[in-house]
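The values are calculated or read from the model by the stated rules, or taken from the named source; none is laboratory data. Only a predicted model underlies this, so the values are computations on that prediction, with no experimental measurement involved. Please note: Cβ atoms are built from the backbone with ideal geometry, for glycine as well, and neighbour counts cover all protein chains shown.
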Amino acid sequence: MSEANAQLKERVRAFWQEHPCGTKFADASPGSRRFYELVEEHRYQKEWHIPAAADFSKAHGKKVLEIGCGLGTDGAQFALAGADYTGIDLTDAAVDLARRRFDLFNLPGAFRTADAENLDFPDESFDVVWAQESVAHPPHQGKQAFLREAYRVLRPGGRLMVEDAFRYRRPYPDEDEAFLHTFLSGWAIADIPTNEEFVTWTEEVGFHDLEQSDITANILPSMRYLYRMGLLLYPSEVPLRMLRIRSACQHANARSSLLQWRAYKKGLWYVQTLIARK
Ligand SMILES: C[S@@+](CC[C@H](N)C(=O)[O-])C[C@H]1O[C@@H](n2cnc3c(N)ncnc32)[C@H](O)[C@@H]1O
């Protein structure tokens, strides 16, 4: 791994270690029963398409690997549906909280702190790989490594299911590129691929029967919610950052809540699901 990629990986890890994904949507003590209930309520209210995209209802008896499991919210749905679920995440913070959730709700599942680019699972050991908003993080070589690893650990006929952010084309005019990158860096993302790039990489590793679906309209409630929160909170973020009460990471993240909406309005990115078969 190049020095730049290693640094980016550390930035991604530090970012999510500091803000386990989804914690900001729950006004309850992290790790409490109420906390997980609020995270789940927010997730499926604002991103109601996820249960269908992840196909929870068809997971019974399947061996499911989730890449970037966050707080284990989707993991819990897989486990409840009767899947043999394993969640991995780059950060101990996510894995600890996801594991706690499973313990608290008495759900079966396994967790590991691990890197999607280098999985410690035998070949052909899963029926499904689910990755929701985690593939965007590594640079392009890392995304390709993620796809190679997903292919390797899936059994023949197994399915890769991804939901993530994409750009419409490359390059945009300089000003738009700069805008997009400022927004993405607040989420610890170096760049997002075009559909053509991602499809090429997916097919190159051997996947076939690709199905894609633009689901941007489905995530608008979540985007609008973040934008409104950003409008409300960002003015106080600036002095809090100057007083070092908010970290650089928290500050950039708050700013990106505003920028992601504006970047969407400028037509710079969209969200799609991609399903592929091994
Ligand atoms: C946007 S969050 C999504 C989490 C979860 N899917 C959800 O929606 O709640 C991205 C997650 O991917 C994880 N992640 C990022 N890069 C990763 C990698 N290379 N390997 C494993 N996990 C990674 C982060 O630590 C973070 O928890």
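Details
- The condition of being farther than 30 Å from M229 by Cβ, surrounded by fewer than 18 Cβ atoms within 10 Å (Cβ to Cβ) and free of Cβ contacts under 8 Å to residues at least 40 places away in the same chain holds for only one of G109, G61, that being G61.
- If you go through the stretch 103-133 and keep only what is polar (S, T, N, Q) and more than 20 Å from E163 (Cβ to Cβ), you end up with N106, T113, N118, S125.
- Pairs linking a residue in the stretch 250-273 that is under 16 Å from I219 (Cα atoms) and touching a residue at least 60 places away in the same chain (Cβ under 8 Å) to a residue that is β-branched (V, I, T) and part of a helix (DSSP H, G or I), with Cβ atoms under 6 Å and 6 or more positions apart or on different chains, are Y270/T216; V271/T216; V271/I219.
- Flag if D89 is among the charged types (D, E, K, R) and within 10 Å of the ligand (Cβ to nearest atom): yes
- Residue check, S29 among the hydroxyl-bearing types (S, T, Y), assigned to a helix (DSSP H, G or I), away from the ligand (no atom under 11 Å from the Cβ) and without any contact (Cβ under 8 Å) to a residue 40 or more places away in the chain: no
- Taking the numbered list (1) over 24 Å from I50 (Cβ atoms); (2) in contact with a helix residue (DSSP H, G or I) (Cβ under 6 Å, 6 or more places away or on another chain); (3) modelled with pLDDT of 90 or more in turn, L160 passes all entries but (1).
- Matching residues in the stretch 174-184 - criterion: being under 19 Å from P138 (Cα atoms), touching a residue at least 40 places away in the same chain (Cβ under 8 Å) and surrounded by fewer than 17 Cβ atoms within 10 Å (Cβ to Cβ): T182
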